[in-house]
Structures are given as structure tokens and as C-alpha cells.
Amino acid sequence: MDRFVINGGRLLSGSIKISGSKNTALPLMAAALLADGPVTITNIPSLRDIRTFARVMAVTGANVAHDESSHSVTVDAESLDRTEAPYELVKRMRASFYMLGALLGREGKARVSLPGGCAWGPRPVELHLDGMKAFGAEIDLEQGYVIATAPGGRLPGGSFTMSPSSVGATVNLLLASVLAKGNSRIENAAVEPDVVVFSEMLQAMGARIGGAGTDTLEIEGVDSLAAVNFENCADRIELGTFMIAAAIAGTPGQKIILTHARPDHLGQSFLDLFQKTGTEVQIDDRKVAVTAPAELTPVNVVTGVYPGFPTDLQAQWTILLACTNGNGKVRETIYPDRFKHIPELRRMGINAIVVGDEVVVEGGSPMQGAQVMSTDLRASVSLVLAGLVARGTTYVQRVYHLDRGYENLEGKLIELGADVSRERYDEWADPE
Ligand code: UD1
């Protein structure tokens, strides 16, 4: 396995490019399965999750060409002849469950493994299934698989109100309904930018979606969807992560520039709270300049659906709070168990405790390097951020979590002046 070796304490400066969004790329790739003809999507990040999804899609017989050098994926579903997503691949990445909507929409039937829980607790999919039933699908469970069938080969359509609002369920229901025989309606749909950009691609293909970008979606089923070329948007969570890195480790008074970004996708809550820490932010269209202050002010955050503070940035915010000289809190309302990184951060000297759905952080304790590891993507990146500011050397183990969702993370940090390297290690080796 690989680990990152980080020698902390380097002040960062310079400029890096933000990559394409992972969480948008996945639904865009699924949408390509609905088209008549080859679809090319550009600005696809080079990530393990994208490779996994390309493999899941290829199981169906669709032609999936993922060209990492040009950051593009071309999908031609003409040859699709198998309506299945197997357990072995779905268990690696929950978003593989998008195959349910895509196959049901295109072929009128699907056999897709149910995803399990994840590192931060149970992750139900009942909204995906209830929504498809409301749109007229027959759903059966068989040996860990969902078997979905549209009577007569195409869904009649229907109406579904989501509670809570779910990104994944909204994507899956759109995939299932844009080619339906009749019309459908989703209330309390997710309004995250990932869903909005995904709706824009479907519309470009000829889908009729009213209210895109609002929480009520009206879908008028069409008979076919056309092939398109579509550009994926920038990754808002990577942007937020690097903004936090700049705030905690940037050279005070010097700008760190993040280019090719979509700051409008971060949501106003993050931008407002981030600036309240004393960090200066200048936005010029796709460019974000972040200037670290001499001293950071602690600011409490509460996660929420878009445009609220993203749950995918709360673990990173904990490190920002630890770098202040005061006390702060992170409250998680989307996934109340998403605090598995806290015990590891405590091993680095961070004074943080979990109280119910909150993390309470007492800033100002000196952080020290340690061997740490985590069980998920955003938690792992919080350990990297801690390593940047800790005294001594931090070994962040199980880098494969980071490779799922951060393209060339060590390369970008090195470009900003961090002392980070990747090395192989044997996790089960006895200490020397
Ligand atoms: C997506 C993102 C993930 C992010 C999350 C919330 C991808 C690949 N992943 O995950 O990074 O953290 O949005 O912004 O895009 N829920 C139910 N029943 C369901 C489905 C969801 O109760 O059937 C609940 C979840 O437990 C959670 C809330 O709805 O409390 C939101 O989850 P959801 O938006 O579905 O997250 P994902 O789409 O899985």
C-alpha cells in the first residue's frame, strides 16, 4: 500500500489548477448510457472512483473509453447487452448504484447489487427504490440484488416527494424517468450543483426537465436522447479543501491562487463562514485567490444541504478550528456519525471531542506528526491538512482513500511548496 510522508511546517504559496468534479462526473457518465450514439465527456478527473465506475459501466457491454491523458470519457451504449451491476464492483463504490436508474431508463430492467453501509455508518437507498416504485417500477430484492422492471419496457412515470433531500436518489430518479413513457415529478429534489450540471447534460441530450436547479423537477418523458459532447464542471470539494489548506498553511499576506474553479458551486454558507475566519478571498470568475491572515478566528459551522455548508468539507474545517487560538464547533446534520477522523486527529495532539452530532475543538494545542490512517476520503484529507501544519513527520496511511477523490493531491501540494512524498509500505510489518 502507499502512504504520504509529510514534513510539516512549510508555508505554502503559488498557484494550482482545480480538477474536474468527481461527484458530477459519475452521474454524467451514467447519463451517457441513455444516449443513442457515442457521448464524450471532458474534464474528467483521473481518479480511482472514475476508473471503478468505467468498469461497472463496461460490464453491461457498453463501450467505455476512459482516456486519462486527455481527461475524457467516451461512452457508446449501442452494444449494451447486459443489465447488471455486480456486487464485486458496487461494493467498491456506492455511486455504482446509479446503474439502477440508467439501466431501468434505457432497457426497462436492471439487476444491481445493493450497496452496503460505509465507513461513517449506514447509507440507506430506500428513497431511490421508493421513488422508482412511485414512477411505476416493480422492485424485488433477491440475494442482495435489486431487480427493477418497468412494465412493458418503459416506466409510466409518477410523482415522488423526497425526505430528506438526496443527491443520489435525485440522480437515479432522473436517470430512470427522462426516457419514461409518461411524465414524472420529484419534490424536495436535491439542488446540489452536481445535480444541476447533470440535469443540464440531460437537457442538452434532449431530455425535458422543468425546474432544473429548483427542488421541484417536472420530467416529461421522451422517446430517445441524442449523443452530445459535454464538459464536466470543476470539483467544489477539492476547491474548498485547498482553500482551507491555504488558510491554515499559506504564507500570511501572500495569495494562493486556485484556477479553473467554480466558486459559485461552493454555496454561500461556506464562502461567508470562511471569510469570517479572517482569511481573505478574492473571486474573479473561475479564479479564487486566498490570503491567509496572521491569525485565524474560530468560526462554528453546521452542515446542510446546498447552499448550506457541505458535509464533505466538515472534516477539513476541524483542522482549521484546531489552528485558531479559540474554541469552535462543527455540527453535522447530514451524517451524524461522520467523525471517524477525530480519534486519529487526537493522536496528533488536536484537542477535539465528539459530543452527540458535534465536534468541539479547542484550538491552539501544538500538533505533532504521527502515523495515522482513516477509513474514508474526506477524513483522510483532513489528516493530510493536519500533517501540513504539524511539527515533525506525519505518515498518512492507506492513500487509496485519497486516490478515490483527489487528483494528484501530493503533486498539487508540492507545487504549493509542501514537503509531501508518497512511498510504499507494509501495513502488517512488525515495528523495527
Ligand atoms: C452524495 C455525495 C457525498 C456527499 C453527499 C451529501 C456522491 C457520489 N456522493 O452522496 O460525497 O457527502 O451527497 O452531500 O455524489 N438518505 C436516505 N435515504 C436514501 C438516500 C439518502 O435517508 O435512500 C439520506 C442519507 O442518509 C443522508 C442524506 O439522505 O442523511 C443525504 O444523502 P445523499 O444526498 O443521498 O448522499 P449521496 O448521494 O449518497
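The values are calculated or read from the model by the stated rules, or taken from the named source; none is laboratory data. Computed from a prediction, not measured in an experiment: that's the story for all the values here. For neighbour counting, all protein chains shown are included, and Cβ atoms are generated from backbone atoms with ideal geometry for every residue, glycine included.
Filtering the stretch 352-361 to residues that are crowded, with 16+ Cβ neighbours inside 10 Å and within 24 Å of residue 393 (Cα to Cα) leaves 352, 361. Condition check for residue 241 on (1) within 16 Å of the ligand (Cβ to nearest atom); (2) in a strand (DSSP E or B): one failure, at (2).
Within the stretch 137-179, the set of residues being within 22 Å of residue 94 (Cβ to Cβ), among the small types (Gly, Ala, Ser) and at pLDDT 95 or above comprises 137, 148, 163, 165, 166, 168, 169, 176, 177. Would you confirm, using the coordinates I've provided, whether residue 293 is surrounded by fewer than 16 Cβ atoms within 10 Å (Cβ to Cβ), in a loop (DSSP other than H, G, I, E, B), in contact with an Asp or Glu (Cβ under 8 Å, 6 or more places away or on another chain) and not polar (S, T, N, Q)? So residue 293 passes the test.
Please determine whether any residue of the stretch 131-149 is assigned by TED's automatic domain parsing to the domain that holds residue 86, surrounded by 16 or more Cβ atoms within 10 Å (Cβ to Cβ), free of Cβ contacts under 8 Å to residues at least 40 places away in the same chain and near the ligand (Cβ under 9 Å from one of its atoms). No: the stretch 131-149 contains no residue that is assigned by TED's automatic domain parsing to the domain that holds residue 86, surrounded by 16 or more Cβ atoms within 10 Å (Cβ to Cβ), free of Cβ contacts under 8 Å to residues at least 40 places away in the same chain and near the ligand (Cβ under 9 Å from one of its atoms). Restricting attention to the stretch 189-216, the residues that are among the aliphatic types (A, V, I, L, M) and either outside the structural domain of residue 107 (by TED's automatic domain parsing) or in a loop (DSSP other than H, G, I, E, B) (or both) add up to 6. The residues of the stretch 365-386 that are within 14 Å of the ligand (Cβ to nearest atom) and aliphatic (A, V, I, L, M), listed by number, are 377, 379, 381.
A search for C-beta distances below 8 Å between a residue of the stretch 167-178 that is over 11 Å from residue 157 (Cβ atoms) and any residue that is modelled with pLDDT under 95 and within 8 Å of the ligand (Cβ to nearest atom), counting only pairs 6+ apart in sequence or on different chains, returns 168/94; 168/95; 168/125; 169/125. Kindly check whether there is at least one residue in the stretch 32-41 that is in a helix (DSSP H, G or I), more than 16 Å from the ligand (Cβ to nearest atom) and buried (at least 22 other Cβ atoms within 10 Å of the Cβ). Within the stretch 32-41 (the criterion being in a helix (DSSP H, G or I), more than 16 Å from the ligand (Cβ to nearest atom) and buried (at least 22 other Cβ atoms within 10 Å of the Cβ)), the answer is yes, since at least one residue qualifies.
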